[in-house]
Amino acid sequence: MTDLFDFHKQKRCFAVVGHPVAHSKSPQIHEDFARQCGVSLSYEAIALDPGAFEQGVRNIRAGGIAGANVTVPFKQAAWRLADKLTDRAQLAQAVNTLSFSAGDVIHGDNTDGVGLMRDIQKNLGFSCAGARVLVVGAGGAARGIFQPLLDSSPGELVIANRTLSRARELLAAFASPIGSTVCNLEDLSSTAFDLVINATAASLMGEVPNLPNGIFANGALAYDLAYADQPTPFMRWAMDAGAVRAVDGLGMLVEQAAESFWIWHQHRPQTAPVISALRSGSR
């Protein structure tokens, strides 16, 4: 009988796919995780043609890639492509983690929501239980984090969006979202929130959502899903508008990567040293 060996010692290949994707920190994050856990892997950033995502995924799979993280603009396309979806991916209608198995089956998962909640609750020490939470934006990013936010038992969860119909569509996609409401951005002036999450793409364009200054309660946390080497426009605005803390989504990036790493390798890496190294610029 052929001797079996630990599959973690077998070098497997992984990638992050997007367009553009050269800026991605995912390769260094997964390489750091691999060193921690004694896992042998290669991990690269691969730009795919926006008009041929499905063929691109099948090409990299045929080339030996065992799994892929998916970033903009392909998360919904990955959701449509996957043959099997986890519950959280189905709810989000977006996939950021693909796993390729025997029989030509593509598995899709979404680790964004769990990554966000681990960063907020574990790394930042903020409890969402009973908190008044505002999510700004109703696109794919908001959809990916909505159920984990609901599961954290907030006292109130509000979705604010320029287009109210999109916020209503997001809310309607989730069963019995007790204590959740929607509103236009201009209707926020009468409520102060303990946690404000920017789930729009405004920071990526150097802009800030059109929000009133009075939305931050005493001790409020402002959280931008975007991340950058410098404080994002939303973070700078939030500190001027009354937030006690303002953070970007780098911790979420690392935490969602750790969940993907667990899916692929069944190892749970330590995230704190990786976040610290990225923050300090030593990686």
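Bear in mind that the values in this text are calculations on the coordinates, not laboratory data. Small disclaimer: the values here were computed from a predicted structure and weren't measured. Virtual Cβ from ideal backbone geometry, glycine too; neighbours counted across all protein chains shown.
Structural remarks
- DSSP beta bridge pairing in the chain, given as percent antiparallel to the nearest 5: 20 percent
- Within the chain, all pairs of alpha-carbon atoms sorted by distance into 10 Å bins from zero give the percentages 6, 29, 34, 21, 7, 1, 0, 0.
- The range 170-247 and the range 259-283 have Cα centres lying 26 Å from one another.
- Orientation-averaged projection of the range 113-248 equals 7.3 nm² [convex hull of Cα atoms, one quarter of hull surface area].
- A Cα-only calculation for the range 1-143 places Rg and Dmax at 16.9, 60 Å.
- A Cβ-based charge dipole, computed about the Cα centre of the chain with Lys and Arg at +1 and Asp and Glu at -1, lands at about 260 debye.
- When all alpha carbon pairs of the range 220-283 are counted in 10 Å bins from zero, the resulting P(r) reads 22, 41, 28, 8, 1 %.
- Close amide H partners of Leu41, meaning residues 5 or more places away or on another chain with modelled amide H under 5 Å apart, are Arg12.
- Computed over the chain, the per-residue total of -39500 (n - 2.57) for DSSP H runs of n ≥ 4 gives a 222 nm mean residue ellipticity of -9500 deg cm²/dmol, rounded to 500.
- When each of the peptides 24-33, 203-212 is scored by how many other beta carbons lie within 10 Å of its residues on average, the order from highest to lowest is 24-33, 203-212.
- A straight Cα-to-Cα reach below 18 Å connects Lys25 with the aspartates and glutamates Glu44, Asp112, Asp119, Asp224, Asp229, Asp248, Glu255, Glu259, residues fewer than 8 places away in its own chain not being considered.
- Packing-based order for 104-114, 48-58, using average beta carbon neighbours within 10 Å, highest first: 104-114, 48-58
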